[in-house]
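Engineer: Have a look at this one.
The values are calculated or read from the model by the stated rules, or taken from the named source; none is laboratory data. Bear in mind that the values here come from a model prediction, so they are computed numbers and not experimental data. Cβ placement follows ideal geometry from the backbone for every residue including glycine, while neighbour counts extend to all protein chains displayed. Protein only, heavy atoms only, side chains kept; ligands, DNA and RNA dropped before computing areas. Shrake-Rupley method; radii C 1.70, N 1.55, O 1.52, S 1.80 Å.
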Number of protein chains: 2
Amino acid sequence: METPKRRRSNTRARLLEGALEVFAERGFHGASVEDICERAGFTRGAFYSNFASKDELVLALFQATTDRLLEQIEALLPELANQPGTLLDAVLGLLDEAAPDQRQWHLISTEFTLHALRDPEAAQALNTQRAMFRDSLTKLVEQITETSGLTLSVPAEQFVRLVIAVHEGARSQSLLEPRKLPPGELEHTFLPMVLEAVSRPSR
Amino acid sequence: METPKRRRSNTRARLLEGALEVFAERGFHGASVEDICERAGFTRGAFYSNFASKDELVLALFQATTDRLLEQIEALLPELANQPGTLLDAVLGLLDEAAPDQRQWHLISTEFTLHALRDPEAAQALNTQRAMFRDSLTKLVEQITETSGLTLSVPAEQFVRLVIAVHEGARSQSLLEPRKLPPGELEHTFLPMVLEAVSRPSR
């Protein structure tokens with residue numbers, strides 16, 4: 001039997017899924033709460049009992065994706081914590097697969113970033129969330145370099161920022177020209193090189 | 001005295017300038033041709049005698065910026081062609097300053113890329129233009145590595161794609177958190193490292 005808590009969580013999941021589709025078709029600004037409710041098969045009441053606004057729904061989408069990604073990365077650690085290069089390759093693979101549809105995901109995450117550049121409240125919420133994700137990855141990098149007896153010549157957070165920048169910049173190029181730049185190619189070619197260039201044995 | 005050709009070129013320049021402002025405020029989709037004409041002080045007739053569409057105007061904006069950038073890079077060559085690392089730093093500096101306002105520039109170039117991901121005709125025009133820019137940079141990298149007696153372990157075009165990806169990805173982070181990530185920091189820290197890692201003496 002479906003409990004009220006379970007039902008609420010299903011409603012949220014279906015709203016998130018429907019929203020991703022509607023955003024990809026009509027854009028963040030072009031998609032209304034009504035459009036999202038219609039696609040997911042719910043009333044406006046169901047929407048607003050789950051999310052205060054369209055912004056909050058997008059941030060919940062980001063949170064769900066980054067939570068899943070961090071869980072998957074943590075699952076790799078027991079086996080790969082002392083092989084930073086191999087682990088990096090595996091993490092880059094997870095980034096590629098983090099969203100079921102990279103094109104939809106790129107559209108909404110880029111559009112919401114542009115929205116945040118024009119709306120200070122959205123910027124604050126987005127920055128808080130991105131900082132949490134970046135901090136989790138930074139702690140992982142620090143933990144792994146320590147386990148492997150390595151010291152980085154740059155702050156771990158700066159390397160994490162580079163990984164995110166290359167991933168986001170390359171995804172845009174791959175979506176525009178999928179046959180000329182396979183997804184992940186730039187990341188897998190260059191980031192292990194950078195990791196090696198900034199790594200020194202600790203003693 | 002103003003010649004008709006000169007007058008036409010001034011009109012184009014003022015329309016491009018006005019458009020950049022209106023796009024930054026209202027977004028590519030939110031800005032109408034009327035808005036742009038009003039800002040630049042011209043009639044719709046003046047607009048359509050210069051540009052077939054809003055898309056064509058944006059592509060002309062991109063073309064003007066990349067032409068200027070390539071000219072500036074060529075001007076550096078006589079002095080720096082045999083110092084790839086220093087030249088790369090100088091080119092990265094030019095990328096930062098290519099647009100008079102990085103925020104406006106980021107908004108319109110990212111929005112037009114999103115538009116292209118939903119509109120095959122815009123995608124084709126954008127890809128043609130981006131390919132021309134990338135090809136020019138690739139030829140420069142090949143010329144410089146040859147002058148310096150170096151061989152790259154990756155195709156020059158792949159390195160150029162990386163420079164563009166890091167620049168675009170990092171710009172988004174810097175605009176969201178200007179105090180936490182100064183513009184150009186990731187590019188200047190990591191790209192010279194990559195160039196060194198992929199360079200070998202030719203003989």
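Engineer: What's the number of the only condition in (1) closer than 26 Å to residue B:184 by Cβ; (2) touching a residue at least 40 places away in the same chain (Cβ under 8 Å); (3) not β-branched (Val, Ile, Thr) that residue A:120 fails to meet?
Structural biologist: Condition not satisfied by residue A:120: (2).
Engineer: Of everything in the stretch B:103-118, what is of a type in the set (S, T, N, Q) and out of contact with any Ser or Thr (no Cβ under 8 Å at 6 or more places or on another chain)? Give them in sequence order.
Structural biologist: B:104, B:109
Engineer: Hey, another quick one. Quick check on this structure: which one of A:151, A:145, A:138 is modelled with pLDDT under 95 and among the polar types (S, T, N, Q)?
Structural biologist: Answer to the check: A:145.
Engineer: Here's a follow-up. Hey, can you tell me all the residues within the stretch A:175-201 that are more than 15 Å from the chain's Cα centre (by Cα) and in contact (Cβ under 8 Å) with a residue 60 or more places away in the chain?
Structural biologist: Selection gives A:175, A:183, A:187, A:188, A:191, A:192, A:195, A:196, A:199.
Engineer: Within the stretch B:126-143, take every residue that is of a type in the set (Val, Ile, Thr) and open to solvent by 20 Å² or more (accessible area, probe 1.4 Å) and give me the one that is nearest to the other protein chains (Cβ to nearest Cβ).
Structural biologist: B:128
Engineer: Are there any pairs with C-beta distances below 7 angstrom linking a residue in the stretch B:41-55 that is closer than 12 Å to residue B:12 by Cβ to a residue that is open to solvent by 40 Å² or more (accessible area, probe 1.4 Å) and in a helix (DSSP H, G or I), with the two at least 6 apart or on different chains, and if so which?
Structural biologist: Going by the 7 Å Cβ cut-off, the qualifying pairs are B:50/B:12.
Engineer: Still on this structure, please answer the following. Taking the condition out of contact with any Ser or Thr (no Cβ under 9 Å at 6 or more places or on another chain), open to solvent by 40 Å² or more (accessible area, probe 1.4 Å), outside the structural domain of residue A:24 (by TED's automatic domain parsing) and closer than 18 Å to residue A:69 by Cβ, does residue A:121 pass?
Structural biologist: No: the conditions fail for residue A:121.
Engineer: May I pose another question? Could you identify the single residue in B:115, B:167 that is closer than 30 Å to residue A:121 by Cα, in contact with a Phe, Trp or Tyr (Cβ under 7 Å, 6 or more places away or on another chain) and touching a residue at least 12 places away in the same chain (Cβ under 8 Å)?
Structural biologist: Step by step, each of B:115, B:167 is checked, and only B:115 is closer than 30 Å to residue A:121 by Cα, in contact with a Phe, Trp or Tyr (Cβ under 7 Å, 6 or more places away or on another chain) and touching a residue at least 12 places away in the same chain (Cβ under 8 Å).
Engineer: Which residues, taken from the stretch B:169-203, are among the acidic types (Asp, Glu), open to solvent by less than 50 Å² (accessible area, probe 1.4 Å) and farther than 13 Å from residue B:85 by Cα?
Structural biologist: B:177
Engineer: Taking the criterion of being in a helix (DSSP H, G or I), surrounded by fewer than 20 Cβ atoms within 10 Å (Cβ to Cβ) and within 11 Å of chain B (Cβ to nearest Cβ), would at least one residue in the stretch A:148-158 satisfy it?
Structural biologist: Yes, that holds for at least one residue.
Engineer: How many of the residues in the stretch B:41-80 are closer than 13 Å to residue B:19 by Cβ and over 17 Å from the mean Cα position of the chain (by Cα)?
Structural biologist: Total meeting the criteria: 8.
Engineer: Residue under question is residue A:31, and the condition is that it be assigned to a loop (DSSP other than H, G, I, E, B), in contact (Cβ under 8 Å) with a residue 12 or more places away in the chain and small (Gly, Ala, Ser); does it hold?
Structural biologist: Judged against the criteria, residue A:31 is a match.
Engineer: Another question about this same structure. If we scan the stretch B:89-112, do we find a residue that is modelled with pLDDT of 90 or more, over 16 Å from the mean Cα position of the chain (by Cα) and under 27 Å from residue B:195 (Cα atoms)?
Structural biologist: Yes.
Engineer: Return the residue satisfying two criteria in turn: it lies in the stretch A:92-105 and is open to solvent by 10 Å² or more (accessible area, probe 1.4 Å) and touching a residue at least 60 places away in the same chain (Cβ under 8 Å), and of such residues it is nearest to the other protein chains (Cβ to nearest Cβ).
Structural biologist: A:103
Engineer: Within the stretch A:159-195, which residues are more than 8 Å from chain B (Cβ to nearest Cβ) and of a type outside the set (A, V, I, L, M, F, W, C)?
Structural biologist: Result: A:171, A:174, A:178, A:179, A:180, A:182, A:183, A:184, A:187, A:188, A:192.
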